Amino acid sequence: MGWFSSICSGISSFVSKAVSVVSSAVKTVGGFIADTATKFLNTIGTIEKISLVVKVLETIAKGLGIIQEEENVEELGDKAMKANKKPEDFDSINEYIAYLRQEIRSSPDELEQLQPEERLARHAIGSVLLSKAIEEKRSMEIPVDFWKATVEKGLTAKEIDEFIQQFKQDGIEPKDFVKYLKREVTGKQEDKIDHSLVTAYKRLEPKLDEIEIEEKVVELQRHE
């Protein structure tokens with residue numbers, strides 16, 4: 001993924017070109033994945049942030065056994081663009097990913113020869129597949145906005161996954177956490193999410209006392 005660093009994050013043309021590549025792949029990857037990958041690119045917006053989200057998704061997905069240690073989103077997206085079957089042909093995204101692993105080949109050397117927008121499109125498609133697979137594993141709907149908001153706050157993959165698990169237990173939707181970060185929830189909702197975050201941080205940072213944990217939670221809502 002080192003090629004990311006060679007592209008200026010301030011140049012949006014790569015993103016718009018990648019959207020065109022994704023759109024052209026709709027017959028192969030399916031309308032839902034293509035539409036969500038387009039939203040992924042447009043929502044996250046910059047190469048730098050896309051790179052951060054990709055890293056988080058890969059880390060969580062590997063921890064859940066969705067992909068293997070040597071696999072990555074770019075190869076996954078490339079395989080999806082080469083496949084004869086779509087996600088709709090399977091009972092789950094995880095079964096589809098297993099099919100791509102077993103039946104479709106992707107060459108790192110071939111990927112190196114592609115234009116930046118072609119590679120970015122593959123990252124977007126692969127990222128969406130991982131996001132949907134994580135949703136299946138955690139039994140929660142996780143919008144693109146959630147991934148963007150959490151990486152913008154500098155949260156690690158471990159923190160994000162811990163939050164997701166705690167939110168599931170507490171009946172909190174990831175989309176409401178995005179609103180929470182923007183201070184767009186009611187006082188009752190805010191208290192509920194505060195409590196959920198404190199519980200998660202007690203597992204993540206067992207050496208911190210209550211006040212230190214509460215400070216970390218407060219810091220999440222602080223706007224720079």
Completion exercise
Among helices (runs of 4 or more DSSP H) completely within segment 22-89, the ones holding 2 or more residues that are open to solvent by less than 30 Å² (accessible area, probe 1.4 Å) are 31-44, 47-63, 73-82
Problem - Within segment 165-189, considering residues that are open to solvent by 30 Å² or more (accessible area, probe 1.4 Å) and polar (S, T, N, Q), the one farthest from the chain's Cα centre (by Cα) - result: Thr186
Exercise for the section: Kindly provide the set of residues from segment 95-110 that are open to solvent by less than 40 Å² (accessible area, probe 1.4 Å) and either at pLDDT 95 or above or in a helix (DSSP H, G or I) (or both), ordered by number. Expected result: Tyr96, Ile97, Ala98, Tyr99, Leu100, Ile104
Practice task
Could you check, for segment 183-203, whether at least one of its residues is at positive phi and not in a helix (DSSP H, G or I)?
Solution key: yes
Practice task
Please specify each residue of segment 132-164 satisfying the condition of being open to solvent by less than 10 Å² (accessible area, probe 1.4 Å) and either part of a loop (DSSP other than H, G, I, E, B) or among the polar types (S, T, N, Q) (or both).
Solution key: Ile142, Thr150
Problem - Filter result for Leu197 (open to solvent by less than 80 Å² (accessible area, probe 1.4 Å) and over 30 Å from Ile97 (Cβ atoms)) - result: yes
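The values are calculated or read from the model by the stated rules, or taken from the named source; none is laboratory data. Keep in mind it's a predicted model, so treat the numbers as computed, not measured. FYI the Cβ positions are ideal-geometry reconstructions off the backbone, even for glycines, and counts take in every protein chain you see. Only protein heavy atoms, including side chains, enter the accessible area calculation; ligands, DNA and RNA are left aside. Shrake-Rupley method; radii C 1.70, N 1.55, O 1.52, S 1.80 Å.
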